[in-house]
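Student: Could you have a look at this structure, given as structure tokens, before my questions?
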Amino acid sequence: MKILKYVLLAFAGVGVLFGAVAAYVAATFDPNTYKPQVIQLVKEKKQRTLKLDGDIKLKFWPSIGADLGKLALSEFKSEAEFAAVESARVSLKLMPLLSKKVVVDEIEISGVRATVIKYKDGRMNIDDLLTKDDDKKKEQVEFDIDHVKIEKATLAYRDEAQRASYALSNLNLTTGRIAPNVPGKIDLSVTVQGDKPKVNLAVSLKTKLQFDLENQVFALDNMGLEAKGQAADLSNLNLKASGAVEAKLKAGELRTNALALAMTAVSGKDNLDVKFDAPKLLITKDKASGDKVTVAVKITNAQGATVANIVLPGIEGTAQAFKAAGMTLDLDMKQGAQAVKARVTSPLSGNFQTQQISLPQLAVNITASGPNLPGSSISGNLAGSASVNGAKQQAQANLAGKVADSTIKAQLGVNGFPPPGLTFDIDIDQLDVDKYAPSTGGKPAAGSGGGDKPIDVSGLRNLNASGKIHIGTLKTSNIKASNVRLEIKAAGGQVNVNPWSANLYGGSMTGAATVSAAQATPSFAFRQNLTGVMIGPLLKDLANKDSIEGKGSVSVDVRAAGGSVNALKRALNGNAAVNLRDGAIKGIDIAGTIRDAKAKLGTLKGQQTQQADASKKTEFSELSGTFAIASGVARNNDLTLKSPLLRVGGEGDIDIGNDTINYLVKAAVVGTLTGQDGRPVNELKGVTVPVRATGPLTAPSFGLDFNALLTDTVKQKAEDMVKGKLEDAIFGKKPAAPATPGATPTPAPSAPSGRDAAKDVLKGIFGR
């Protein structure tokens, strides 16, 4: 017992001695005297500048450690700041040092800020820090930390090649014990921000972490993850995830248990609700198994809702080759009175390692219902295959089948998700769009506001798509066309259709169109050329207007910016041209109007109008003209109409914005042929007769412009008669005809005065 007593006294003495020595060292040793050597060592080894602004404080009991105070580290070969710390404390457990083991006791850091940069050439500003120093043998460090505490940290990342930046701010981390194969708590909160895509999320994570660095095993248990804020085009995002995940990287194993995800968000005018459940999943090198996986997506807006449910009954196989008996997608969409239901089924196979999934026997059944559909319902069936390559972020599908009266073949693709880039190549044998378009009876739909209803193009701003569409026969807005081809590209808020082409009404059409939603006010550009087209049937089908006949060409090149149809019409700018042959203008008989001119000329003043008469028409061999369009008004001054009997010119305005016309047509009789109804018009040969069209475009009025007619007629008659009177006054009366034998000679009258000559002019004009 005395020996034990002496031993204990010896240990006590050693302890007292060690404590005394530690106290002496702490009292007499000043680590700050070594700051210059430390700074110089960092300069030599890393070509960076270390700043130690605060005092270094040491402690030796119950652990050995240091309070480093405020410090900063520069960029490589630069004085620019790379990282800084407001305060840092690190301590090592004392007893393990006696056995030459380094065990970290605690790490507490406050006010960390650092910026990591990836340059355009692929280098990073931390490459030199990641380079290992092999000139010295490193002491063995046992990774066993009692706790870690990080407060108010900010970590930034900038990718100069991608022009993207991200930041972790307000980072706070508290942990329990961190040691191999020992579960320790993790409590993390951080704000995540970025610009590509735009992200602003408040993230919190509470879980238990267990790891084995040597075997690369990591496990999260009782995980509770929550994120709130904005991500890409999702606002008011609220995401929650729970469950357990274990990854054995070296062994190539993944295990999940009770994994669940729930998310709500707003995308534009849509509210999203997503739920994901995977009760159990096991993936090893030799085996893959899992219970039923379900995904439920609900999208709601003011017009209706879309609900999608995906069920994967379970998987089996290996990580390189797994399969499921069947995948089912049920889709239910309702927008107002319209509804669409669809079911998609297929067996499923895939490879977890290459992230590939195949749907080899895809079957799609679709039914649409609504009051505007033929028989209030249509249905269709499509079949084909689909595949997904997660590693390359690609998906594609090939489908063929029949929907209503249309036979469809389609190749669809998605590249990069998110945001997705869509590709398509669609072939449709026939399509009658009018069967499925809402019927308004030629009037604006109720509550639409007519032409002043705002045009919503917001859905185009995030659209990224390109592809081709071919339609064998097409009917839309009552226009009939065949061999319709379109090439479409949408990106950056702009949709381009270029080129588009079709055969229609005995001729052909080519053109292009652009819709831009990149700015607050949408803009449109439209270019179209019609060649060899029968204009009469086209206008009758398009606008139910039987106003003109003829075959020829029409070109239009216009652009406008506006938030509604009426605003676009008022802002229209561009040009148009028409060239028709062997046709007729319906609603007016210019030749007949001219025949009535002489009888009315002497009694009517001003302008006399009459409504268009469908039974009348003016035939022509050629009709041409160009239009300059500015601020919604089409101006023409070169209209030319030719016929065997008439020559017609014209000028005037068509106010597209207000749907009105004010146009003057000047017709002249150039032939001696019989008029269109058989009566001669020789009496007015050479006289120009103006006909004015005024009023709404839908129901214009036509009539003689007698003011213009009187002006032109008086001018012509006056010129002719004054010329004759002046000849008589200057040169004298022409010799009389030889006298008839036996007749009394008539004395020659004197030359008339100027006033008398004027009277004679008027009498000659008006016939009295």
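The values are calculated or read from the model by the stated rules, or taken from the named source; none is laboratory data. In this text the structure is predicted, and so the values were computed from the model without any measurement. As a convention, Cβ positions derive from the backbone with ideal geometry for all residues, glycine included, and neighbour counts pool all protein chains shown.
Student: Kindly list, by first and then second residue, each pair from a residue in the stretch 520-547 that is in contact (Cβ under 8 Å) with a residue 12 or more places away in the chain and over 19 Å from S624 (Cα atoms) to a residue that is part of a strand (DSSP E or B) and β-branched (V, I, T), limited to pairs with Cβ atoms under 6 Å and residues at least 6 apart or on different chains.
Tutor: That search, which allows pairs on different chains as well, returns F524/V515; A525/T514; F526/V558; D541/I479; L542/I479.
Student: Tally time: how many residues in the stretch 632-646 are in contact with a Gly (Cβ under 9 Å, 6 or more places away or on another chain) and of a type in the set (D, E, K, R)?
Tutor: Summing the residues that are in contact with a Gly (Cβ under 9 Å, 6 or more places away or on another chain) and of a type in the set (D, E, K, R) in the stretch 632-646 gives 2.
Student: Still on this model: Given the conditions (1) among the hydrophobic types (A, V, I, L, M, F, W, C); (2) farther than 21 Å from L173 by Cβ; (3) at pLDDT below 85, report the number of the one that L68 does not fulfil.
Tutor: All conditions pass for L68, except number (2).
Student: Here is a list: A319, A325. Which entry is in contact (Cβ under 8 Å) with a residue 12 or more places away in the chain, more than 32 Å from the chain's Cα centre (by Cα) and assigned to a loop (DSSP other than H, G, I, E, B)?
Tutor: Sole residue among the options that is in contact (Cβ under 8 Å) with a residue 12 or more places away in the chain, more than 32 Å from the chain's Cα centre (by Cα) and assigned to a loop (DSSP other than H, G, I, E, B): A319.
Student: Test of understanding: among L9, L58, L52, which residue is surrounded by 10 or more Cβ atoms within 10 Å (Cβ to Cβ), modelled with pLDDT of 80 or more and among the aliphatic types (A, V, I, L, M)?
Tutor: Exactly one residue qualifies, and that residue is L52.
Student: What are the residues in the stretch 346-379 that are more than 25 Å from T284 (Cβ to Cβ), over 30 Å from the mean Cα position of the chain (by Cα) and in contact (Cβ under 8 Å) with a residue 60 or more places away in the chain, if any?
Tutor: Hit for the stretch 346-379 is P374, nothing else.
Student: Restricting to the stretch 268-320, and then to whatever is under 28 Å from M333 (Cα atoms) and among the basic types (K, R), can you tell me which residue is surrounded by the fewest Cβ atoms within 10 Å (Cβ to Cβ)?
Tutor: Once the filter is applied, the top-ranked residue is K269.
Student: Ok, one more. Only one of these conditions is not met by V42: (1) at pLDDT below 80; (2) not in a loop (DSSP other than H, G, I, E, B). Which number is it?
Tutor: All conditions pass for V42, except number (1).
Student: Would you check if E108 is in a strand (DSSP E or B), modelled with pLDDT of 85 or more and either under 19 Å from D187 (Cβ atoms) or not aliphatic (A, V, I, L, M) (or both)?
Tutor: Against the criterion (in a strand (DSSP E or B), modelled with pLDDT of 85 or more and either under 19 Å from D187 (Cβ atoms) or not aliphatic (A, V, I, L, M) (or both)), E108 qualifies.
Student: Next question, about the same structure. Of I117, I126, which residue is out of contact with any helix residue (DSSP H, G or I) (no Cβ under 8 Å at 6 or more places or on another chain) and either within 17 Å of L50 (Cβ to Cβ) or among the polar types (S, T, N, Q) (or both)?
Tutor: Exactly one of I117, I126 is out of contact with any helix residue (DSSP H, G or I) (no Cβ under 8 Å at 6 or more places or on another chain) and either within 17 Å of L50 (Cβ to Cβ) or among the polar types (S, T, N, Q) (or both), namely I126.
Student: Could you count how many residues in the stretch 513-563 are among the hydrophobic types (A, V, I, L, M, F, W, C) and surrounded by fewer than 16 Cβ atoms within 10 Å (Cβ to Cβ)?
Tutor: Selection size over the stretch 513-563: 4.
Student: For the list (1) surrounded by 14 or more Cβ atoms within 10 Å (Cβ to Cβ); (2) free of Cβ contacts under 8 Å to residues at least 24 places away in the same chain; (3) within 27 Å of I315 (Cα to Cα), I need the number of the one condition that Q411 fails.
Tutor: Condition (3) is where Q411 drops out.
Student: While we're here: Could you give me the residue pairs with C-beta distances under 6 Å whose first residue belongs to the stretch 562-577 and is under 15 Å from D659 (Cα atoms), whose second residue is part of a helix (DSSP H, G or I) and of a type in the set (D, E) wherever it lies, and which are 6+ apart or on separate chains?
Tutor: Every condition considered, the pairs that remain are N566/D452.
Student: Working only within the stretch 236-253, note down all residues that are farther than 19 Å from L225 by Cα and crowded, with 16+ Cβ neighbours inside 10 Å.
Tutor: K248, E253
Student: Of these, S377, S369, which one is loosely packed, with under 14 Cβ neighbours inside 10 Å and under 20 Å from V433 (Cβ atoms)?
Tutor: Residue meeting the stated conditions: S377.
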